[in-house]
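Asks: Mind having a look at this structure? Questions to follow.
Just so it is clear, none of the values below were taken in a lab; they were calculated from the coordinates. Quick caveat: nothing in here was measured; it's all calculated off a predicted structure. So basically every Cβ, Gly included, is an ideal-geometry build from the backbone, and we count neighbours across all protein chains shown.
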Amino acid sequence: MQAHRVKNLFSVIARHYDFLNTLLSLKRDKSWRHETVKVSDVKPASKVLDVCTGTGELALAYSDKIGAEGFVMGSDFCFEMLVIGDQKLQQPVGAVSNRTTNFLAADTLTLPFLDNTFDVVSVGFGIRNVADLEMGIREMTRVAAPGGRVVILEFTQPVNPIFRSLYYFYFTKILPFVGNLISRNKDDAYGYLPRSVMKFPNCDALKSVMEQYGLTDVQFYRKTFGIVAIHVGKKPDKPSSESGFTRL
Ligand SMILES: C[S@@+](CC[C@H](N)C(=O)[O-])C[C@H]1O[C@@H](n2cnc3c(N)ncnc32)[C@H](O)[C@@H]1O
């Protein structure tokens, strides 16, 4: 989908986004994000960038693991989504564990950061929506520090055929109906979700794209019967000149 349509879609559903995520994933969304943080090799002093951060849920999950020496930056190009994330930072101390998290309006395809900056560059349910998947991964890799991790949490297609057919009934019929009803969306925003997942590369293909852009040791972990997968790749300590992510 074109970038301006994606931006518009999320601006319309922003208010209902968190509630519907939890409802439609049957409360699995939080544990998927926690698993993502767990496999990211994040340390208290890590510098984390969460792109396509939306309402900031993954950024805030990282924030719980970061000490005063580190920080988390969440970036997104949809202002309405970021505003909701920013409101979470205004909550009393304790609700959000520290104040080392910030949100920034930025396009994932042209991140306003220097090469080799962040220890972890993550994306949760966002890279599927970026107009150019390869450019998105390339840009995430560019801003990752040598030795750092690029981490992708994304919906994928379950492998087991019996489970897949049951799940697809829910995913393509029930989920869009409930999502569009609750968000009062007339443009079928929640029909876009299954359509975009069906078109998205499978786990092996996504791993290959990550490797193509110079990431090594790429592993993926399927979760909840393979509804989602977490991919983690390492940026080499010495960036390869062939991988295309260093600006020379
Ligand atoms: C499904 S939401 C994911 C939000 C959040 N990461 C989460 O875990 O729930 C996808 C987000 O990607 C953002 N997005 C899509 N393309 C983008 C781009 N090129 N640059 C920045 N944000 C983008 C949308 O604005 C939206 O907030």
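Asks: Sort out for me the Cα centre separation of the range 64-93 from the range 110-130, rounded to whole Å.
Replies: When both Cα centres are located, 15 Å separates them.
Asks: Fewest first, what order do His34, His231, His16, His4 take by the number of other Cβ atoms within 10 Å?
Replies: His4, His34, His16, His231
Asks: Quick check on the chain: helices-only [θ] at 222 nm, where DSSP H runs of length 4 and up contribute -39,500 (n - 2.57) each and the sum goes over total residues. Nearest 500, please.
Replies: Calculated mean residue ellipticity at 222 nm is -12000 deg cm²/dmol.
Asks: Run down the aspartates and glutamates and flag those whose C-alpha is under 17 Å from the C-alpha of Lys27, throwing out any fewer than 8 positions away in its chain.
Replies: Hits, sequence-local ones excluded: Asp18, Glu35, Glu57, Glu154.
Asks: Right, another one. Sort Thr22, Thr101, Thr156 so that the residue with the fewest other Cβ atoms within 10 Å of its own Cβ comes first and the one with the most comes last.
Replies: Thr22, Thr156, Thr101
Asks: Hey, what do the phi angles of the range 64-74 turn into as Karplus ³J(HN,Hα) couplings, whole Hz, using 6.51/-1.76/1.60 and θ = phi - 60°, x for Gly and Pro?
Replies: With the stated coefficients, the range 64-74 comes to 5, 9, 9, x, 5, 7, x, 7, 10, 10, x Hz.
Asks: Pull up the cross-link candidates among the lysines for Lys47, meaning alpha carbon to alpha carbon under 18 Å and not fewer than 8 places away within one chain.
Replies: Partners found: Lys38, Lys65, Lys234, Lys235.
Asks: Taking the chain as a Gaussian network, Cα atoms linked when under 10 Å apart, which of Lys43, Lys199, Lys30 shows the biggest mean-square fluctuation?
Replies: Lys199
Asks: Moving on. So, in nm, how far is label Thr117 from label Val178 when the simple model puts each one 7 Å beyond its Cα toward the Cβ?
Replies: Between Thr117 and Val178, the label points sit 3.9 nm apart.
Asks: If you build a Gaussian network model of the chain, linking Cα atoms that sit under 10 Å apart, which residue out of Ile162, Ile227, Ile66 swings the most?
Replies: Of Ile162, Ile227, Ile66, the most mobile in the Gaussian network model is Ile162.
Asks: Could I have the simple spin-label model distance between Arg5 and Asp204, label points 7 Å from Cα toward Cβ, reported in nm to one decimal?
Replies: With each label placed 7 Å out from Cα toward Cβ, I get 3.1 nm.
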